[in-house]
Amino acid sequence: MHPDSPSYADAHDAESRRYATGRQFELRRGDALAVVTELAAGLRLFSRSGIQLTESYSDDEIPPGATGITLAPWANRIEGGVWYLNGKKQQLDITEVSRGNASHGLLRNASYCLMEESEFSITLEATIFPQHGYPFLVRHQVRYELDESLALRVAQTLVNDSHSAAPFVLGAHPYLRLGDTPLEELVLTVPAATRLLADEKLIPRNAEPVGIDFDLREGRQVSGLKIDVAYTDLEFDGGTARHVLSASDGRTVSLEQDENCSYVHVFVSETFPGREKAVAIEPMTGPANAFNSGDGLRWLAPGESFMMNWGITASL
């Protein structure tokens, strides 16, 4: 069922029907609609005037290609699921079996609780309990808001309830689109000067200037892109980096991220259900394997919190 269908009007009613992603939280303001899921505090849909600006999925599916989910306490991958804490080996579950990695954090299959709700915003929260591979007690809070400009604003906050400092990388995994315009016809612009060089398991091993093949600063048509690449050295204008999908008629949809998110991963998928191509633009505070490389890795002291902000805007 299409996310803009009338059934979404009753999505908040837990007794009305069952959804694979749990309770559906609906925000409306003007012509803007956002649908957020109980599962992974995910963004299932953002639209303006009925024009879909993110990829979505049917009621009985979990998010294909991780579309829309939020990521904590790490984004992307940890090589072999292994990292070291004070010289002691930590072994996480292998959740990306094909490459032998631990992927997309510990809350991908978790239910989030509703903490606050207003007319145009909601805040969801989930707890990560101490466990093998991550012996820390932390909470991940995700706040979604439709602001006065009808943009979607997302704030992700990690709170450390442990007695020791906890390492983390936060991120999100939205896929953008511009209504029914074929993605191949759109131009993608990403203001990044450096790309990370990854091996066959998509673990970064080095970094280099973007070069001709991966330079998206002046915009490249998506039809010619086959990339699954992390970027950094982003250009921030007024504290915000903007990654834009644009159509020939001037319409645009943009992913914005703040300076706490100094990395972005761009993935052009050719396997997204029902789409010839789909593009994920993933804001991250650090790259894959940060728990081992230390690149972008932050440590949160006991009792402290950290926030990253991102959002989606459109000119239609």
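The values are calculated or read from the model by the stated rules, or taken from the named source; none is laboratory data. As the structure is a prediction and not an experimental result, all values here were calculated from the model. Because the Cβ atoms are built from the backbone with ideal geometry, glycine has one as well, and the counts that use them run over all protein chains shown. Heavy atoms of the whole protein, side chains included, go into the accessibility calculation; ligands, DNA and RNA do not. Shrake-Rupley method; radii C 1.70, N 1.55, O 1.52, S 1.80 Å.
Annotations for the structure displayed:
- In the context of the full set of protein chains, the chain has a per residue accessible area of 42 Å² (1.4 Å probe).
- Of all accessible heavy-atom area on the chain, the percent that carbon and sulfur account for (1.4 Å): 47
- Across segment 167-182, coupling constants 3J(HN,Hα) worked out from phi with the 6.51/-1.76/1.60 Karplus curve, θ = phi - 60°, read x, 6, 9, 9, x, 8, 9, x, 10, 9, 8, 10, x, 9, 5, x Hz, and Gly and Pro carry x.
- Largest GNM mean-square fluctuation across T271, T70, T232, computed for the chain with C-alpha springs under 10 Å, falls on T271.
- Using 0.36 nm per residue and subtracting the Cα-Cα separation, the extra length available between V82 and H132 on full extension is 16.9 nm.
- Computed packing ranks the peptides 278-287, 253-262, 157-166 as 278-287, 253-262, 157-166, most packed first, by mean other Cβ atoms within 10 Å.
- Inter-part distance where segment 58-114 and segment 268-292 are each reduced to a Cα centre, Å: 13
- Here the convex hull built on the C-alpha positions of segment 187-243 has a volume of 83 cubic angstrom per residue.
- For a straight C-alpha distance cut-off of 15 angstrom, the aspartates and glutamates reachable from K201 (same-chain residues fewer than eight places away being disregarded) are E79, E96, D228.
- Cα-based radius of gyration for segment 133-209, normalised by 2.2 N^0.38 Å, reads 1.59.
- Placing unit charges on the Cβ atoms only, positive for Lys and Arg and negative for Asp and Glu, gives segment 49-94 a dipole magnitude near 480 debye about its Cα centre.
- The chain: most fluctuating residue of L146, L39, L137 per GNM, C-alpha cutoff 10 Å: L137
- Estimated from helices alone, the mean residue ellipticity of the chain at 222 nm is -500 deg cm²/dmol (sum of -39500 (n - 2.57) over DSSP H runs with n ≥ 4, per residue).
- Shape of the chain, Cα gyration tensor, a/c cut at 1.5: oblate
- Gain in span if fully extended, N206 to D147, counting 0.36 nm per residue against the direct Cα distance: 17.3 nm
- Listed by chain and number, the lysines whose alpha-carbon sits under 20 Å from that of K277, ignoring those within fewer than 8 places in the same chain, are K226.
- Computed E for E116/R18 - FRET, C-beta separation, R0 35 angstrom, nearest 0.05: 0.90
- Relative contact order (%) - the chain, alpha-carbon pairs under 8 angstrom, separation at least six: 17
- Whether segment 137-264 is rounded, prolate or oblate, judged on the alpha carbon gyration tensor where a/c under 1.5 counts as rounded: oblate
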